[in-house]
Amino acid sequence: MILAVDCGNTRLKWGLYQDGDWRRTAAVAITDLASLEKHWKKVGPAGRVVVANVAGTVVRKKLGSIFSRLSLRVTWVEPKRQQCGVTNGYRSPGQLGADRWAALIGARSLGGGPCLVVMAGTATTADILEDDGRFAGGVILPGVDLMKRSLVQHTAGLAHANGRFAAHPGSTSDAIETGCLLAQAGVIERMLSIMPPGAECLIAGGAAARIVPHLRIRPRRVDNLVLEGLLRIAIEPAERKGVPA
C-alpha cells in the first residue's frame, strides 16, 4: 500500500493506493491534521509513504510526529534535476515547489506530449512541460480567493462579499469576482498560446472548477494530479528492481 500526501498552504489531500487503484482519497484543512492518524493506521509498517509539503516546517513536524507514532517511513519529496522522465529547467532545481514538481511528474505519466500544467489553489501556477519531458518554466500568481482578499484588505471602501461572475457586473462584489476569474483565465490562455499547437492543458486544484467555465480552451481536469505524481515517485525505485507496486 502507498500513502501519497499533498500538503498545501490551506489544505492537505491524501490518497491510499493499492493493487493498481486509488482505494481512497480525501482532503482536510491544514488546521485539522490530528484527524488523519486514524485513517492512516491501515497503511502499516510495510507500506510506503511519499509526501509533498509546501506548508512549512511546523506542519512538517506535525506530520512527522504522526508518521513516527504509526512507525511509517516517509519520503519527503524534494525537486531534483531529473526524475520519472521529467527534467527540471530551473537554474536551482530545489527552488521549485515540491507540489509543482509532483504535478509535472503526474502530468508526464498521464500523457507524454507537451502540456501546460495548471494548479489552482491558494496560488495558481501554470507550468510548461515540453514534449521531451523538460519543465521549461512557468508562472505563479495569487489564486482566486487570495486575489479577492488582497483587494478587500488593501483597497479602501471594498467590503468582502460573495459576488457572482457576470458578463456585465452590476455590483462591486460581482466586479471583483468576475475580474479575478478572468485574470486567472487570461494567464492560463496566454501561457498555452506560447506552446506548440496541440499542446494540452491539464488543470487541478481546489479552484479549478471555478476557473474552467471561463476558459476559451478545453482543459483536462485531473483532480488528483499531485497524488499521481507522488505515486510515480514512490513506485519508480521498485519498478527498476522489478518489484510490483
From (1) closer than 18 Å to Leu181 by Cβ; (2) surrounded by fewer than 16 Cβ atoms within 10 Å (Cβ to Cβ), pick out the condition that doesn't hold for Ala120.
(2)
Look at the stretch 188-238 and say how many of its residues are hydroxyl-bearing (Ser, Thr, Tyr) and in contact with a Ser or Thr (Cβ under 9 Å, 6 or more places away or on another chain).
0
Out of the residues in the stretch 66-90 that are at pLDDT 95 or above and open to solvent by 90 Å² or more (accessible area, probe 1.4 Å), which is farthest from Ala46 (Cα to Cα)?
Arg81
Number of the condition not met by Glu228 [criteria: (1) over 19 Å from Ile128 (Cβ atoms); (2) acidic (Asp, Glu); (3) within 17 Å of the chain's Cα centre (by Cα)]:
(1)
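Conditions tested, residue by residue: (1) on the phi > 0 side of the Ramachandran plot; (2) of a type in the set (Lys, Arg); (3) open to solvent by 30 Å² or more (accessible area, probe 1.4 Å).
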position	(1), (2), (3)
Leu181	no, no, no
Gln184	no, no, no
Arg190	no, yes, yes
Arg210	no, yes, yes
Pro213	no, no, yes
Glu228	no, no, yes
Check Leu158, Leu146, Leu151 and return the single one that is of a type in the set (A, V, I, L, M, F, W, C), more than 20 Å from the chain's Cα centre (by Cα), over 20 Å from Gly198 (Cα atoms) and open to solvent by 60 Å² or more (accessible area, probe 1.4 Å).
Leu151
If a residue must be buried (at least 19 other Cβ atoms within 10 Å of the Cβ), under 25 Å from Leu146 (Cβ atoms) and without any contact (Cβ under 8 Å) to a residue 60 or more places away in the chain, how many such residues does the stretch 8-35 contain?
1
Look at Lys42 and say whether it is loosely packed, with under 14 Cβ neighbours inside 10 Å, assigned to a helix (DSSP H, G or I) and over 16 Å from the mean Cα position of the chain (by Cα).
no
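Give the stretch 15-24 a look and list any residue that's within 15 Å of Ala204 (Cβ to Cβ) and out of contact with any Phe, Trp or Tyr (no Cβ under 7 Å at 6 or more places or on another chain), or say none.
Trp22
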Those residues of the stretch 121-137 which are touching a helix residue (DSSP H, G or I) at 6+ places or on another chain (Cβ under 6 Å) and of a type in the set (A, V, I, L, M), in sequence order
Ala126, Leu129
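Given the criterion within 25 Å of Ala98 (Cβ to Cβ) and acidic (Asp, Glu), identify the matching residue among Asp174, Asp132. Talk me through it step by step, then tell me what you get.
Working: Asp174 fails: within 25 Å of Ala98 (Cβ to Cβ).
After applying the criteria, what remains is Asp132.
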Keeping to the stretch 49-97, report how many residues are within 15 Å of Asp6 (Cα to Cα), part of a loop (DSSP other than H, G, I, E, B) and small (Gly, Ala, Ser).
3
List pairs: first residue in the stretch 173-192 and assigned to a helix (DSSP H, G or I), second residue of a type in the set (Ser, Thr, Tyr) anywhere in the structure, Cβ distance under 9 angstrom, at least six positions apart or on different chains.
Gln184/Thr124; Val187/Thr124; Ile188/Thr124
Number of the exception - Leu151 against (1) out of contact with any Lys or Arg (no Cβ under 9 Å at 6 or more places or on another chain); (2) assigned to a loop (DSSP other than H, G, I, E, B):
(2)
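Would you be able to say whether some residue in the stretch 85-108 is among the small types (Gly, Ala, Ser) and without any contact (Cβ under 8 Å) to a residue 24 or more places away in the chain?
So in the stretch 85-108, the residues among the small types (Gly, Ala, Ser) come out as 85, 89, 92, 94, 97-98, 102-103, 106-107.
Now drop any that are not without any contact (Cβ under 8 Å) to a residue 24 or more places away in the chain, which leaves 92, 94.
Among the residues of the stretch 85-108, at least one is among the small types (Gly, Ala, Ser) and without any contact (Cβ under 8 Å) to a residue 24 or more places away in the chain, which makes the answer yes.
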Here is a check on your reading of the model: is Gly205 modelled with pLDDT under 95, buried (at least 19 other Cβ atoms within 10 Å of the Cβ) and within 14 Å of the chain's Cα centre (by Cα)?
yes
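The values are calculated or read from the model by the stated rules, or taken from the named source; none is laboratory data. Note that this is a predicted model, so its numbers are computed, not measured. We place every Cβ from the backbone using ideal geometry, glycine too, and count neighbours over all the protein chains shown. Only protein heavy atoms, including side chains, enter the accessible area calculation; ligands, DNA and RNA are left aside. Shrake-Rupley method; radii C 1.70, N 1.55, O 1.52, S 1.80 Å.
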